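What follows is calculated from the coordinates using simple rules that are stated; it is not laboratory data. Predicted model, so just to flag it, every value in this text is computed and none were measured. Counting neighbours? That spans all protein chains shown, and the Cβs are built from the backbone with ideal geometry, glycine included.
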Amino acid sequence: MADKTFYITTPIYYPSNRLHIGHAYTTVYCDALARWHRFKGEDVFFLTGSDEHGQKIERAAQESGKTPERYVEEIVATFKELWQRLNISYDDFIRTTEKRHHQVVQEIFRRLYEKGDIYKSTYKGWYCTPCETFWTESKLVDGCCPDCDRPVEMVAEESYFFRMSKYARPLLDHIAAHPEFIQPATRRNEMIAFINQGLEDLCVSRTTFNWGIPVPFDERHVIYVWIDALTNYLTAIGYLADEDKFGRYWPADVHVVGKDILRFHTIIWPTILMAAGLPLPRQVYGHGWVLVKSGKMSKSKGNVVDPLALIEQFGADAVRYFLLREMSFGQDAKYSKRALMERINSDLANDLGNAFHRTQTMLARFCRGQVPAPDPVSSREPIDADLINLAAAVVENTDRALTELDPNAALIEIWRLVGAVNKYIDQTEPWSLAKDPAKSGRLREVMYNVCEALRITALLVAPFLPETGKALWRRLGLSDLDGQRFADLKWGGMAPGVEIGRGEPLFPRLDIDKILAEDESGDEEDETAAEAGEKAAAGKDQQQEEKQDMSQEPTSEELISIDEFAKVKLRLAKVESVAPVPGADKLLALQVDMGGEKRQIVAGIAKYYQPEELVGKTIVVVANLKPARLRGMLSQGMLLAAEDQEGKLGVITVDRDIAPGAVVR
Ligand code: MSP
């Protein structure tokens, strides 16, 4: 067993409703980190689960005419199904209704009571039932709960209290001595300010409902929310039951939570642990929220996005990628279906998919489908060394980003390598090398380097996109991805002679406007669904207008004024990927980048160019031509090409490095 352990937790989710993409984000985030640490050879314990007690659940069960047990059972089953569909590799799923947990909660409660850190008193205060939180008068906003804006009720009851106030000073000292404890660092001061306002003792039992764990020495009381919920992190690793296991994994390396419950994890939880004489978790990370157009998702607003439907439509990895790539460290991010599909098209289909697809095609055509042997190191060219050095830097930076709990930064790094592979192919032009037998050595070297960079890419991608990682690995003709470790990221691991697998593109390009227009679910949260409708309507008008334009076409002898010429907006576009148009011998469909704006251009140049020859070229496009459909494919512009009398054709490019989107005059 590895010496180094890594214990990571998600919050335990309330089984009051089905989970949405916000919950999916937290869990996918933890999964990527857990997988990465396993890849580094560590002994990982990844915990998730469900927080099943409380008045809210008791009421919800009553309303649905079910027992609380039956009610939570059914919802927890949907959690497990979702995690399975998202390939969440948790090591344990803890339910607070389990016996192992009851024992721990009761024992901690008893110990704290015996120590004098839990005492009985009367609580009188404003209570928010949905949030299960008491509020002081001063914290209410217009008489309502400051968290959920709902009315609060005045409650007076006998309760047990946890002496949290006693631990304010030690907690402040701990935070000062461990600046890494609260992540992101920007939230640390917020927490310190909160503690400095003075910590009140915490109500930890209730007598007004039954659905919970009884206080062991006073059965009228149910242990309420935080002691029950937070201690799950101890139960699951064998606290009071399996000393070895507990000693091995505690303290947790990181509790990952949404910013909504960061306070509970950085104030209540550490003080409970201090009272119990246990070390504190090393880090607590509070991430931002996944927002939709109308703000935070909630069932009452009816704006909840169901991850299962998205997985069904786009696959688990696309959903995982979107969430991880869109959420910057500690920040909120917006979900829309359009944004998800744009990510799929640009990063997964174009960048990643294309790098693999072009390589497979070239290997099949130029290297009999096998990874060639590289030339001796001495014959490497500077462009090869650049790629090799970049791969090493990407590996190092990815590792650093993940150590700093930032999978988003890690993905940006990995895609730097993907971009570099595509650029390397464009610059070395294997298709040109293949035409010259004297350059066969160089061709082998180039193709080996491409394969090796892609092998490293597949390994790096796998913790984030497990299905894709496996598929890419197989396509590279390799086996046993699970047996690979961090050390295998070293350059040179690809064995020459390996037969490359084949396959369809992993992420076919999506016709975003079409999908949105056809979207029967009517994703009302999609910012641009309306725009998509407008565009579709514009498409119909366009056919008529095109006819008019044809009739107005000037003959070649006619002279035009400079103003007339200025009507034609020419811009540079970088070709990102190219594919034949099914059923049309002459057409190629080019995906181009016009300075951040992505377009598809369908051009009749298939006779003159191999698709891969065009990738990476900066071409000139008529940017304000009305879109047209050619063989059913939308063309959003026209590329410029010159053809001579003998029928030789060349696409117009620029003779130096000018950014895509630049205006051509
Ligand atoms: N049961 C408590 C947690 C106890 S942990 C000891 C709870 N459960 S919850 O079901 O409400 O889930 C809360 C967690 O779900 C948040 O902290 C966050 O991790 C995640 N998210 C819920 N909505 C979210 C978004 N809109 N965006 C991102 N994460 C969100 O609180």
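Just a few scattered comments:
- Per the Cα gyration tensor, region 336-489 maps to an equivalent ellipsoid with semi-axes of 27, 17, 15 Å, ordered largest to smallest.
- The chain: calculated mean residue ellipticity at 222 nm from DSSP helix runs of at least 4, using -39500 (n - 2.57): -12000 deg cm²/dmol
- Local charge for Val377 was computed over the other residues whose Cβ lies under 15 Å away, with Lys and Arg +1 and Asp and Glu -1, and equals -2.
- Counted charge near Val654, where neighbours are those whose Cβ lies closer than 15 Å (Asp, Glu -1; Lys, Arg +1): +1
- Around the Cα centre of the chain, unit charges on the Cβ atoms of Lys, Arg, Asp and Glu (plus for the first two, minus for the last two) sum to a dipole of about 780 debye.
- Ser89-Val568 FRET efficiency (beta carbon distance; Förster radius 51 Å; 0.05 resolution): 0.40
- The ratio of the alpha-carbon radius of gyration of region 28-67 to the globular-protein estimate 2.2 N^0.38 Å is 1.96.
- Mean-position separation - Cα centroids, region 326-401 and region 488-515, in angstrom: 9 Å
- Gain in span if fully extended, Ala487 to Ala309, counting 0.36 nm per residue against the direct Cα distance: 60.3 nm
- Charge sum, other residues only, whose C-beta stays under 12 Å from Glu180's C-beta, Lys/Arg counted +1 and Asp/Glu -1: 0
- Using the empirical formula 2.2 N^0.38 Å as the baseline, the Cα radius of gyration of the chain reaches a ratio of 1.15.
- Taking the square roots of 5 times each eigenvalue of the Cα gyration tensor of region 229-271, largest first, gives ellipsoid semi-axes of 22, 10, 8 Å.
- A P(r) calculated from all alpha carbon pairs of region 1-48, with 10 Å bins opening at zero, reads 27, 45, 21, 7 percent.
- Restricting attention to the chain, close to 70% of DSSP beta bridges with both partner residues there are antiparallel.
- DSSP-loop chymotrypsin sites (Phe, Trp or Tyr not before Pro) across region 213-291, with at most 14 other Cβ within 10 angstrom: Phe217
- In the calculated pair-distance distribution of region 273-313, the portion above 17 angstrom amounts to 60 percent of the Cα-Cα pairs.
- Restricting the trypsin sites (Lys or Arg not before Pro) of region 412-483 to loop positions (DSSP other than H, G, I, E, B) with no more than 15 neighbouring Cβ atoms within 10 Å leaves Lys435.
- Eligible aspartates and glutamates near Lys115 by straight Cα distance, threshold 13 Å, same-chain separation 8 or greater: Glu107
- Region 180-204 residues near the modelled Arg220 label - backbone nitrogen below 20 Å, point 7 Å along Cα→Cβ: 203-204
- The phi torsions of region 457-471, fed into the Karplus equation with coefficients 6.51, -1.76 and 1.60 and a -60° offset, translate into couplings of 4, 4, 5, 5, 6, 4, x, 8, 10, x, 5, 5, x, 5, 5 Hz, rounded to whole numbers, with Gly and Pro shown as x.
- Reach of Lys586 by Cα under 18 Å, taken over lysines that are not fewer than 8 positions away in the same chain: Lys607, Lys648
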